[in-house]
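To keep things clear, I will list the structure first and then write my remarks on it.
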Amino acid sequence: MEEQNAPPETGQDNVFLQPLQQNLPNSTVVLTLGILSIVFSIWYLSFVGVILSIIALVLAGKDMALYTSNSSKYTLSSYNNLKAGRICALIGLTVAIIFTVIIILVVFGILITMPFWGMID
């Protein structure tokens, strides 16, 4: 009678003994922020791209530590999403910093040369 209530242990993989894998907590958020950091790294919104990419990189660092501590607990697809979001955040940060430097140089260049514009006439 007790054998009927016990889960099967031979034949196929035992579903009762396998732990359920879950997604990393911030993998989707990191991917979304990484993509948005690329989108917002254009001219006048480059500071928004910098902020979004820094947030994405911080969250990615926390989740990568979670995954490396116990990789069997989390799904591989969520880890791949996390890596893709991290790469997008790095690209967004690089492009946003380049555009921020260009904007600063243009603004200071215009402010520095502005007193001399009256002398051109």
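Values in this text are rule-based calculations from the coordinates and carry no lab data. Since this is a predicted model, take the numbers as computed values, not measurements. So basically every Cβ, Gly included, is an ideal-geometry build from the backbone, and we count neighbours across all protein chains shown.
Taking θ as phi - 60° and the Karplus parameters 6.51, -1.76 and 1.60, the scalar couplings of region 55-67 work out to 4, 4, 5, 5, 5, 5, x, 5, 6, 5, 5, 4, 5 Hz in sequence order, x denoting glycine and proline. Evaluate the Debye formula for region 23-116 with equal point scatterers sitting on the alpha carbons, no solvent, and hand back log10 of I(q)/I(0) at q = 0.18 Å⁻¹, in q order, two decimals. Scattering profile of region 23-116, log10 relative to I(0): -0.72.
A crude spin-label estimate for the pair Leu20 and Val101, with each label 7 Å from Cα along the Cβ direction, gives 4.9 nm.
For every other residue with a beta carbon closer than 13 angstrom to the beta carbon of Gly61, add +1 if it is Lys or Arg and -1 if Asp or Glu, then tell me the sum. Could the numbers behind the result be given before it?
Values: positive: Lys62, Lys83, Arg86; negative: Asp63.
So the surrounding residues net to +2.
Among residues other than Arg86 with Cβ under 12 Å from its Cβ, the summed charge is +1 (Lys and Arg +1, Asp and Glu -1).
Under 5 Å between amide hydrogens, built in the peptide plane, is the criterion, and for Tyr74 it picks out Gln22 among residues at least 5 positions away or on other chains.
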